[in-house]
Amino acid sequence: MNSNITTAFIDAWETLDVDAIMDFFTEDAIYTNIPMDPPNNGKAEIRAFIEGFVGSASEIEFIVHHQIESADGIVMNERTDRINFNGKVVNLPVMGIFEFRDGKICAWRDYFDMAMFAG
């Protein structure tokens, strides 16, 4: 079930281990933070984004409130991303969508209010 893969992926963020996080993606995956441009295309761009994000945080926790998997394997979750940017904690409501190919994430989109993230 792809929902189990998504849960393991979400849990990997708490380790702040970029290699562990990256193991969940296909080589040609696309990661899009909807309020931010451009999308990250392919593992190299995704890694660069995640390295910068993880490098600026001392703690990351994704708290999943609801998660559902469609008949075709797409996973959607509603969560709060709690990020500690070296003493400044942000609690960001997020809606995430995950698509899969051969047991790996091939597309990930997060929807959130950029003003809440920046504020």
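Checked against (1) within 19 Å of Asp113 (Cα to Cα); (2) of a type in the set (A, V, I, L, M, F, W, C); (3) assigned to a loop (DSSP other than H, G, I, E, B), Val94 meets all criteria but (3). Of all residues in segment 55-68, those satisfying the criterion of being more than 21 Å from Ile5 (Cα to Cα) and either modelled with pLDDT of 95 or more or not in a loop (DSSP other than H, G, I, E, B) (or both) are Gly55, Glu59.
Kindly establish whether Gly73 is among the small types (Gly, Ala, Ser) and part of a strand (DSSP E or B).
no
The set of residues in segment 67-94 being touching a strand residue (DSSP E or B) at 6+ places or on another chain (Cβ under 8 Å) and among the basic types (Lys, Arg) consists of Arg79, Arg82. Here Thr32 qualifies as under 12 Å from Trp108 (Cβ atoms), polar (S, T, N, Q) and surrounded by fewer than 18 Cβ atoms within 10 Å (Cβ to Cβ).
When restricted to residues that are of a type in the set (A, V, I, L, M, F, W, C), at pLDDT 95 or above and part of a loop (DSSP other than H, G, I, E, B), segment 17-54 contains 1.
The values are calculated or read from the model by the stated rules, or taken from the named source; none is laboratory data. Model, not experiment: these values are computed from the prediction. When we count neighbours, we look across all protein chains shown, and the Cβ atoms used for this are built from the backbone with ideal geometry, even at glycine.
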